[in-house]
Amino acid sequence: MKHLTTIIFASVLMLSSCKTEFKHLEQVDGKRIAVDNSIEEDSEIAEFIAPYKEHLNETLDSPLSYNPSFLSKSDGDLNTAIGNLMADALMEQVNPVFEKNTGNSIDMVLLNHGGIRAEIPVGNVNTRTAYQIMPFENEVVIAELKGEKMLEMMDYLSKAKTAHPVSGIRIIADGSYMIKNVTINEQQILKDSTYFVATSDYLVGGGDNMKFFADPVSIHSSEYKIRNVMIDYFSKTDTIRSVIDDRYIRQ
């Protein structure tokens with residue numbers, strides 16, 4: 001009997017020790033901590049990451065190309081040298097892949113003026129330059145649009161009065177920014193035709209109020225980030241020769 005009592009007591013003690021205690025969250029407090037120079041550096045962590053930081057900086061700052069003139073998105077009326085650079089680089093880098101995969105060609109490129117986030121000074125151009133002008137993770141997509149959607153795009157550009165980067169198209173507007181002539185591959189836009197427009201996933205989703213991208217005939221992902229387009233273009237270009245030209249002007 002003594003042994004039985006001992007076993008029962010031990011069992012009760014074990015069950016009691018295994019009992020789950022449920023805790024309920026009653027309050028959460030938080031405060032904003034600024035991550036800036038006011039935070040004292042942890043010397044141990046700084047020493048640990050130093051070689052990685054040095055390697056990263058070497059990669060970012062290695063010269064890829066040379067830019068002989070200052071490029072800014074504010075240096076033109078309806079087209080700028082830096083905008084032309086980005087749109088032409090996208091056409092040159094993406095179109096061969098698109099042709100190979102689909103058998104079709106990109107008709108034009110449209111990006112947004114606000115997407116150019118930095119100037120390019122005179123001097124060496126490197127990977128850091130690409131990150132500065134395009135810090136976002138946006139990818140290139142190709143939207144197949146009907147002719148009527150292309151005309152909506154022209155109406156948008158007339159009202160925007162902004163140097164949105166374009167390539168593969170020639171647009172002539174009057175003094176009031178009303179577009180009076182448009183050609184793609186030296187042909188007028190036809191309502192019954194479709195056109196392949198390379199742009200960013202941000203714009204095709206309606207960014208910058210570009211609603212004409214809604215309901216495309218087809219949409220193709222390139223899985224190619226715009227920033228990587230620029231890095232690859234810089235890597236194969238010894239000297240940047242981009243200028244303001246007559247692709248989108250007022251007369």
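The values are calculated or read from the model by the stated rules, or taken from the named source; none is laboratory data. Note that the structure is predicted; figures quoted are calculated from it, not measured. Every residue, glycine among them, receives a Cβ derived from its backbone with ideal geometry; neighbour counts consider all protein chains shown. Heavy atoms of the whole protein, side chains included, go into the accessibility calculation; ligands, DNA and RNA do not. Shrake-Rupley method; radii C 1.70, N 1.55, O 1.52, S 1.80 Å.
Only one of 151, 157 is surrounded by fewer than 19 Cβ atoms within 10 Å (Cβ to Cβ), part of a helix (DSSP H, G or I) and hydrophobic (A, V, I, L, M, F, W, C). Can you tell me which?
None of the other options fit; the residue is 151.
Under the condition of being part of a loop (DSSP other than H, G, I, E, B) and modelled with pLDDT of 95 or more, which residue from the range 36-70 is most open to solvent (accessible area, probe 1.4 Å)? Working first, answer last.
To start, the set of residues in the range 36-70 that are part of a loop (DSSP other than H, G, I, E, B) comprises 36-42, 62, 68-70.
So of that shortlist, the ones also modelled with pLDDT of 95 or more come out as 62, 68-70.
Working: 62: 54, 68: 58, 69: 51, 70: 112 Å².
That would be 70.
Residues of the range 209-244 being surrounded by 13 or more Cβ atoms within 10 Å (Cβ to Cβ) and acidic (Asp, Glu), which ones?
Matches in the range 209-244: 232 only.
Give me the pairs, please: first residue somewhere in the range 174-189 and under 23 Å from residue 144 (Cβ atoms), second residue anywhere and in a strand (DSSP E or B) and open to solvent by 40 Å² or more (accessible area, probe 1.4 Å), beta-carbon distance under 6 Å, and either six or more positions apart or on two chains.
183/170
Considering (1) part of a helix (DSSP H, G or I); (2) free of Cβ contacts under 8 Å to residues at least 24 places away in the same chain, say which one residue 131 fails and leave the rest.
Of (1) part of a helix (DSSP H, G or I); (2) free of Cβ contacts under 8 Å to residues at least 24 places away in the same chain, only one is false for residue 131: (2).
So, of the residues in the range 133-166 that are over 13 Å from residue 114 (Cα atoms) and hydroxyl-bearing (Ser, Thr, Tyr), which turns out to be farthest from the chain's Cα centre (by Cα)?
Top of the filtered list is 158.
Cβ contacts < 7 Å: first residue over 30 Å from residue 102 (Cβ atoms) and in contact (Cβ under 8 Å) with a residue 40 or more places away in the chain, restricted to the range 222-251; second residue open to solvent by 40 Å² or more (accessible area, probe 1.4 Å) and in a strand (DSSP E or B), any location; separation 6+ or different chain. Result?
What qualifies is 238/66; 239/66.
Only residues that are under 13 Å from the mean Cα position of the chain (by Cα) and open to solvent by 10 Å² or more (accessible area, probe 1.4 Å): list them for the range 188-206, please. Don't jump to the end; show me each part of the working.
In the first step, residues of the range 188-206 are kept if they are under 13 Å from the mean Cα position of the chain (by Cα); the result is 198-205.
Within the range 188-206, 201, 202, 204, 205 qualify.
What single numbered condition from (1) surrounded by 21 or more Cβ atoms within 10 Å (Cβ to Cβ); (2) more than 29 Å from residue 126 (Cβ to Cβ) fails to hold for residue 163?
Against the list (1) surrounded by 21 or more Cβ atoms within 10 Å (Cβ to Cβ); (2) more than 29 Å from residue 126 (Cβ to Cβ), residue 163 comes up short only on (2).
Can you give me the ranges of the strands (runs of 3 or more DSSP E) entirely in the range 175-245 with at least 3 residues that are at pLDDT below 95 and under 26 Å from residue 138 (Cα atoms)?
Result: empty, no element qualifies.
Using beta carbons and a limit of 8 Å, which pairs, at least six apart or on different chains, have the first residue in the range 100-119 and free of Cβ contacts under 8 Å to residues at least 24 places away in the same chain and the second one part of a helix (DSSP H, G or I) and among the hydrophobic types (A, V, I, L, M, F, W, C)?
117/133; 118/133
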